[in-house]
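The values are calculated or read from the model by the stated rules, or taken from the named source; none is laboratory data. Not measured: the values here are computed from a predicted model. Cβ: placed from backbone, ideal geometry, glycine included. Neighbour counts: every protein chain shown.
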Amino acid sequence: MGIEEVYRAESRRVLATLIRLLGDFDLAEEALQDAFAAAVERWPVEGVPASPRSWLISAGRFRAIDRLRKRRREVASPPDPLSLEERGNDMSEIEDYDVIDDRLRLIFTCCHPALNPDAQVAMTLREICGLTTEQVAAAFLTTAPTLAQRIVRAKTKIRDAKIPYEIPERGDLPERLASVLHVVYLVFNQGYFTRADLATEAIRLGRLLVELLPEAEATGLLALMVLHDARRATRTNASGELIPLEEQDRSQWNREQIREGVALVERALTSRGFGPYTLQAAIAALHAEAPSSQATDWPQIVGLYDVLLRANPSPVIELNRAAAVAMRDGPEHGLTLIDAILARGELEEYHLAHAARADLLRRLDRKPEARSAYERALALAVEEPERRLIERRLKEL
Amino acid sequence: MKYLCLVYQEEKGEANVPRDQLEQAKKDYWAFAEDIKKSGHYIVSHGLKHTDAATTVRVRNGKLSTTDGPFAETKEQLGGFFLIEAKDLNDAIQVAARIPSAKWGSIEVRPVWA
């Protein structure tokens, strides 16, 4: 194995353990760089060690202690290197399960709800996924200095407020896991249309979570992401226009991902404590397995939306349910429901509510009303693929 | 590590709370304080009189200015505090969540300089 491969495979694990041993994110990052610099120097001469991970952890830790000793001579009160030496002195003590725990510690710390939500996402992509600050900034349409500032603030809060580097206790786990899953899903959605790389990172994170902590909702979220990703190739056409589900070329859907997603949904549905992600994944699975829009099991989809709404009342889910009702019972039934939601004023500014309403009016051949609904949707839509679809619909009317 | 838990709640709403609910809230506070004394978290706590009684003091260019009322007008007002000793922020959050006012007001958890 070459050093680059080791870096890809191990750098995040080594970092996660170094943060625990050194008790500080910045110090651990420096130590990680030092460890790989030492590896570049020594492995070509001495050969790759039997356990590269332990070697790197050990090298990183000793370099960090060196750095602290030097700093101690220069400034008044840096951390005490002796207290660091006491921690995990014998490297043979670092077992695989420690490293697994460290990765979970890192995830739960980066997604701690006491951190600013934007910082949680930034920390996750940087520390866990290993993206550079520039890459994260580009993904979230902000500048690298702004993002770096956000990360500095998060790290300062971790230090000052003493956010512990630990896996939450059983009692706190549901709330804390929800916060992690939210961050992962945010990353996924950020990459939904244009950034396949972010969606891939989110799925990788989802897999890691399921591997480390096989809770129902973690499995459900992974299923949901995999099933959405299975349709990636057919979601937009060559000119970047959104293709709605009923017009997608189903022969191009990724069968392997669908098989995996469906198996994950089944596993999540039979575990205790499944919730909104699993239910949404179950709906996505029904779509993925249907040979066509007409042949989709709409009654079951409506039923799943009912369960979802009971667990998690939300006007957006009501809207999706209305669209499913329209497929089951006819467009006029869906339209009644959407009009009722809009009458409450909650989704007045939500482009998809107007787009869904316009679709139903179009199917009912009520063209002037459909036109004004599409125009309203277009005025509110931001994402380019969605705007193009609405523009095409307007032209076709 | 020490954390100061600042208890914010609406002073205005209090007048409308039925008597038995106020009595219950007092009992809950009493029980909570006993609890965190036993668990070793408790250092000191006090309830504060309403912001009507507050005076804000500033010294600018050596000149003292005194004004009536709290430092800032907010929807919820500082009504009391608990200074606690906690292992880390997670521990402090667990304690703060058990402060009775967390159910209707907000608790700000601030680490104290060591």
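Observations
- Highlighted here are the helices (runs of 4 or more DSSP H) found entirely within the range B:3-114 that include at least 2 residues which are away from chain A (no Cβ under 14 Å) and over 27 Å from residue A:166 (Cα atoms): B:11-14, B:19-38.
- Residue that is surrounded by the fewest Cβ atoms within 10 Å (Cβ to Cβ) [pool: residues in the range A:23-66 that are over 28 Å from the mean Cα position of the chain (by Cα) and touching a residue at least 40 places away in the same chain (Cβ under 8 Å)]: A:48
- Long-range neighbours under 6 Å by Cβ, at least six apart or interchain, first residue at negative phi within the range A:254-277, second surrounded by fewer than 21 Cβ atoms within 10 Å (Cβ to Cβ) and modelled with pLDDT of 95 or more: A:268/A:216; A:271/A:216; A:274/A:216
- Residue A:208 more than 14 Å from chain B (Cβ to nearest Cβ) and at pLDDT 95 or above: no
- With a requirement of 3 or more residues that are among the charged types (D, E, K, R) and within 25 Å of residue A:193 (Cβ to Cβ), the helices (runs of 4 or more DSSP H) lying completely within the range A:312-383 that satisfy it span A:351-363.
- Exclusive hit being away from every other protein chain (no Cβ under 14 Å), touching a helix residue (DSSP H, G or I) at 6+ places or on another chain (Cβ under 8 Å) and part of a loop (DSSP other than H, G, I, E, B), set A:192, A:185: A:192
- Residues that are in a helix (DSSP H, G or I), under 21 Å from residue A:146 (Cβ atoms) and modelled with pLDDT under 95 within the range A:103-118 comprise A:117, A:118, listed in sequence order.
This table checks each residue for (1) in contact (Cβ under 8 Å) with a residue 60 or more places away in the chain; (2) within 17 Å of the chain's Cα centre (by Cα).
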position: B:4; (1), (2): yes, yes
position: B:8; (1), (2): yes, yes
position: B:59; (1), (2): no, no
position: B:94; (1), (2): no, yes
position: B:97; (1), (2): no, yes
position: B:100; (1), (2): yes, yes
position: B:111; (1), (2): yes, yes
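- Of all residues in the range A:156-171, those satisfying the criterion of being under 22 Å from residue B:4 (Cβ atoms) and either more than 13 Å from every other protein chain (Cβ to nearest Cβ) or part of a helix (DSSP H, G or I) (or both) are A:156, A:157, A:158, A:159, A:160.
- Of the set (1) touching a Leu at 6+ places or on another chain (Cβ under 7 Å); (2) in contact (Cβ under 8 Å) with a residue 24 or more places away in the chain; (3) in a helix (DSSP H, G or I), all apply to residue A:246 but (1).
- Within the range A:220-236, the set of residues being surrounded by 15 or more Cβ atoms within 10 Å (Cβ to Cβ) and more than 13 Å from the chain's Cα centre (by Cα) comprises A:227, A:230, A:231, A:232, A:234, A:235, A:236.
- Flag for residue A:177 being closer than 19 Å to residue A:272 by Cβ, touching a residue at least 12 places away in the same chain (Cβ under 8 Å) and in a helix (DSSP H, G or I): yes
- Some residue of the range B:37-48 being over 30 Å from residue B:114 (Cβ atoms), touching a residue at least 12 places away in the same chain (Cβ under 8 Å) and not β-branched (Val, Ile, Thr): no
- Any hit, the range A:161-173, residues being of a type outside the set (A, V, I, L, M, F, W, C), within 21 Å of residue A:105 (Cβ to Cβ) and under 11 Å from the mean Cα position of the chain (by Cα): no
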